[in-house]
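A quick write-up on the structure given underneath.
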Amino acid sequence: MIKIYIGLKGCGKTKKLIDAVNDAINVEKGNVVCITEGQRLIHDIDRNARLVDTESFDIANFDMFVGMLSGIIAQDFDVTHIFVDSLFKSVPNETMENVDSFVEAIEKLENKFNVSFTLMISAEEAAATELVKKYMA
């Protein structure tokens, strides 16, 4: 399953993410990962979720980010859900113009490893591509 929440800053995406991560901890049988830029969610996310701070890595593009996601999955085959808060804060050099290639890559990871993804994207809904719209929640 892939879910994408898209909207401008301040519309409540991060609150939805926090609630979804904490709910997943109680419902899913595997491990839950939350990827965010910085440590700002450390007190909001259940401690049973693995919090990954992208500031620790120099992620230049979506290819590198997909490599990081693949590494997380390879390191722990019990990962069932990966949440990404503020996609463009984690990958600051990318834009909506290139997001389809990223979504296609996570579709492959989802199908091959049965991992769900929830993404938060700060952008106007009108900027969503047809592929992004397919997964918008």
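The values are calculated or read from the model by the stated rules, or taken from the named source; none is laboratory data. It should be emphasised that the depicted structure is a prediction, and the values quoted were computed from it without experimental measurement. Every residue, glycine among them, receives a Cβ derived from its backbone with ideal geometry; neighbour counts consider all protein chains shown. Accessible surface areas use protein heavy atoms only, side chains included; no ligands, DNA or RNA. Shrake-Rupley method; radii C 1.70, N 1.55, O 1.52, S 1.80 Å.
Descriptive notes on the structure:
Table: residues versus (1) in contact with a Ser or Thr (Cβ under 6 Å, 6 or more places away or on another chain); (2) more than 16 Å from Val52 (Cβ to Cβ).
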| residue | (1), (2) |
| --- | --- |
| His81 | yes, no |
| Met96 | no, yes |
| Val99 | no, yes |
| Thr118 | no, no |
| Ala123 | no, yes |
| Ala128 | no, yes |
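- Of the residues making up the range 7-35, those that are under 20 Å from Met136 (Cβ atoms) and open to solvent by 70 Å² or more (accessible area, probe 1.4 Å) are Leu8, Lys9, Gly10, Cys11, Lys15, Lys16, Asp23.
- When the strands (runs of 3 or more DSSP E) confined to the range 1-60 are screened for residues that are closer than 14 Å to Met120 by Cα, those reaching at least 1 such residues are found at 2-7, 31-36.
Residues are listed down the side, and each one gets a yes or a no for (1) within 15 Å of Asn31 (Cβ to Cβ); (2) over 15 Å from the mean Cα position of the chain (by Cα); (3) modelled with pLDDT under 95:
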| residue | (1), (2), (3) |
| --- | --- |
| Asp78 | yes, yes, yes |
| Val84 | no, no, no |
| Lys89 | no, no, yes |
| Ala105 | no, no, no |
| Phe113 | yes, yes, no |
| Ser116 | yes, no, no |
| Ala127 | no, yes, yes |
| Met136 | no, no, yes |
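- For the range 69-80, the criterion of a residue being part of a strand (DSSP E or B), surrounded by 15 or more Cβ atoms within 10 Å (Cβ to Cβ) and of a type outside the set (Asp, Glu) is satisfied by at least one position.
- Residue within the range 91-105 that is in a helix (DSSP H, G or I) and in contact (Cβ under 8 Å) with a residue 60 or more places away in the chain present: yes
- Checked against (1) more than 20 Å from Tyr5 (Cβ to Cβ); (2) surrounded by 14 or more Cβ atoms within 10 Å (Cβ to Cβ); (3) not polar (S, T, N, Q), Ala60 meets all criteria but (2).
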